[in-house]
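A short worksheet on the structure shown next.
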Amino acid sequence: MKKKEDNYYGIRFNNDIPKIDKINNFNKEVEIKFIGKAYLVKRKDDKIEKIELKNYHKLEKEGTYEIEFINSLEELYILQVRIEKSSLFLIILFLLGSIVFTMCFIPINQNKTMIKTLLDVIDLSVLEVDIEDQHRYVFDVDFENIVSSDISLPATMDAKAVSKNKIAPGVDGEFSIIISTKDSTVDMQYSVDFEDITNEKPNNLKFKIKGGNKEYSSLQELEKYLKGIALKETEKEIVIQWRWPYEIDEIQDTIDTDNGINLSNYKFRIRVNGEEAIK
């Protein structure tokens, strides 16, 4: 995981610069080094506890951790760390041993190189990579509470509006919240909360859940309906649609200009809470 030094913003996990926009996964203990202040955030029900960390603090137990980091420039970052110790090394050794054993019995075609033959033997589908794009946010509720990084609403705008750099009445967009229980052996109960990072947003902004008809004037109004059960070993997609409808009156141009600035600055976080479903 090699990163350029100019991406460094004051904190490292095991000497690597952590990702801000997704969970930082490790299969061993994590040493945290930083310049500034760092806190371990623990959430239970509606209570939040922050424990200040010392430099070179180590996270050793399996689980998902939320770290609040304030660097020397007073910039705030919310980071997610997941430690999932596994027998990956033993699995790799087993696969390599199986490949070598198999190769003893596979004749290599003259038109194939050794590498090509090896690739034919290996089932690459076992090497899954979690890919998260700009409009799709994946939450593994098997690890209880997960918080996204800051999300800018204009980043989820319709592609046509983005290509025209258009932030004005008439724009719309959508983003997906993926509730994942792919690694869970039990059904999980989940709920989704939204936290505004900035309070600015167009007065007339509307949100709704795709497939429904009811519109809400804020993400906080909508979140009341984002609760349910996710069956084990599945992925459930919730699509949130938003739009900024036209309003025509004599003073609307001035309001639209101000609201356009507000939309450009509007950021929020998604928090998904998970717990084992009680039958």
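Read-outs throughout are calculated quantities, based only on the coordinates presented, and are distinct from any laboratory measurement. These numbers were taken from a predicted model, which means no experiment stands behind them. So basically every Cβ, Gly included, is an ideal-geometry build from the backbone, and we count neighbours across all protein chains shown.
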Here the FRET efficiency for TYR246 versus SER191, based on Cβ atoms and R0 = 41 Å and rounded to 0.05, is 0.75
With DSSP loop assignment and no more than 16 other C-beta atoms within 10 Å, the GluC sites (Glu not before Pro) in region 4-54 are GLU29
Over the Cα atoms of region 186-248 the radius of gyration and the largest Cα-Cα distance (Dmax), both in Å, equal 14.2, 52
A chain fully extended from LYS210 to ASP21 at 0.36 nm per residue, minus the present Cα-Cα distance, gains in nm 65.6 nm
From the cross-link list LYS19/LYS54; LYS210/LYS236; LYS210/LYS267; LYS50/LYS227; LYS47/LYS208, the entries with a Cα-Cα span beyond 24 Å are LYS50/LYS227; LYS47/LYS208
Residues meeting the amide H criterion for ASN145 (H placed from the backbone, H to H distance under 5 Å, 5 or more places apart or on another chain) are GLY274
